[in-house]
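S.K.: Next up is a structure, given as structure tokens.
The values are calculated or read from the model by the stated rules, or taken from the named source; none is laboratory data. What you are looking at is a predicted structure, and each value in this text was computed from that prediction instead of being measured. A quick note on method: Cβ atoms are made from the backbone with ideal geometry, for glycine too, and the neighbour counts reach across all protein chains shown.
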Amino acid sequence: MAKFLYRDPNFEPDKDGNRVIINKYCVGPIEVIIYGITKENEYYLDWTFPEFYPGDAELERDYRIISRDEMLNALDIEIETCKKDGNIEMKDKYIQAKKIIKF
């Protein structure tokens, strides 16, 4: 299993009005996990993953609205992961995201 790679949180809405807060992906096996905020200010999880691993090329997608607490919990997990990995820059960005969500 490969490690996840991260993209910076985007606090500005994209063309659809969504803000992507956690965006991490893995290439072995392919997997993408996104947590964000919709244009309606709802929190969401968008997870793409192999249906059956190993050896299946079909990808499944799980998109769902989640609670504010679930979003904060996901951020706490990423903050702890960043601390363990020494990724201070991403840790600070996730702390900033958490402050925005708390208000």
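S.K.: Looking at the stretch 62-91, which of the residues that are of a type in the set (S, T, N, Q) and part of a helix (DSSP H, G or I) is farthest from Lys102 (Cα to Cα)?
M.R.: If we filter the stretch 62-91 for residues that are of a type in the set (S, T, N, Q), which is where we start, we get 67, 73, 81, 87.
Now drop any that are not part of a helix (DSSP H, G or I), which leaves 73, 81.
Numbers: Asn73: 12, Thr81: 20 Å.
Among them, the one singled out is Thr81.
S.K.: Please find, within the stretch 64-79, the residue that is nearest to Val20 (Cα to Cα) out of those that are exposed (fewer than 13 other Cβ atoms within 10 Å of the Cβ) and either of a type in the set (A, V, I, L, M) or at pLDDT below 95 (or both).
M.R.: Out of the qualifying residues, it is Ile65.
S.K.: Listed residues Tyr43, Tyr6, Tyr25; which is surrounded by 12 or more Cβ atoms within 10 Å (Cβ to Cβ) and closer than 18 Å to Lys102 by Cα?
M.R.: Tyr43
S.K.: Please specify each residue of the stretch 41-63 satisfying the condition of being on the phi > 0 side of the Ramachandran plot and modelled with pLDDT of 90 or more. Before you say what the answer is, go through the steps one by one.
M.R.: Step one: of the stretch 41-63, the residues on the phi > 0 side of the Ramachandran plot are 41, 55.
Across the stretch 41-63, the qualifying residue is only Asn41.
S.K.: Could you list, in sequence order, all residues of the stretch 1-22 that are modelled with pLDDT under 95 and part of a strand (DSSP E or B)?
M.R.: Leu5, Tyr6, Arg7
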